[in-house]
Amino acid sequence: MKKAIFSSLLLLLLAASSKAQVVKGNYMLGGQLDVISIGGTLTSLDISGAYFFTDHFAAGVSGFGTLNGPYFLGLQGRYLWPVLDKTYIFGQVGAFAEVSGAGGFRFTAYPGVMHFLNERVALEGRFGGLNGGGIGLSLLF
């Protein structure tokens, strides 16, 4: 199942034909595989979509969860700073509500690095923060 989800996401990212930059008016779709360190180690899948309201600032929705739950949906914001020609560092924050189980809230904040493999596909890495770290792919269009 995980391989099918990852393969589908990768094909979607590679099939896109539009050019993208981290600028106002563009969209970003992404997915990350995270290792969460609060209360032990577990792996979750994070799927998100965002809109660039200004150059370098995007906000949108995100959902994440593990195979056994719980599942969360929420809002997040990301600001990107260019450091090299194709590389950005970013800070991201989010607020999420549990949509399965007993309910509850989770707040996230972490730094990361985003490196563009081409004009529209980027590889990401998240570091530490309040909810662990992970790797992922993003598509900008």
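Taking GLY104 as the residue in question, decide whether it is modelled with pLDDT of 80 or more and over 29 Å from LYS24 (Cβ atoms). Even if it seems obvious, please write down each step before you answer.
Values: modelled with pLDDT of 80 or more: yes; over 29 Å from LYS24 (Cβ atoms): yes.
Here the answer is yes, as GLY104 does meet what is asked.
Every residue in the stretch 114-141 that is at pLDDT 85 or above and surrounded by fewer than 16 Cβ atoms within 10 Å (Cβ to Cβ), please.
Matches in the stretch 114-141: HIS115, LEU117, ASN118, LEU123, GLY125.
All but one of (1) of a type in the set (A, V, I, L, M, F, W, C); (2) under 20 Å from PHE127 (Cβ atoms); (3) at pLDDT below 95 hold for ALA58, so report the exception by its number.
Status for ALA58: all satisfied but (3).
The values are calculated or read from the model by the stated rules, or taken from the named source; none is laboratory data. Keep in mind that this is a model prediction, so the values were computed, not measured. Cβ atoms come from the backbone with ideal geometry, glycine included; neighbour counts cover every protein chain shown.
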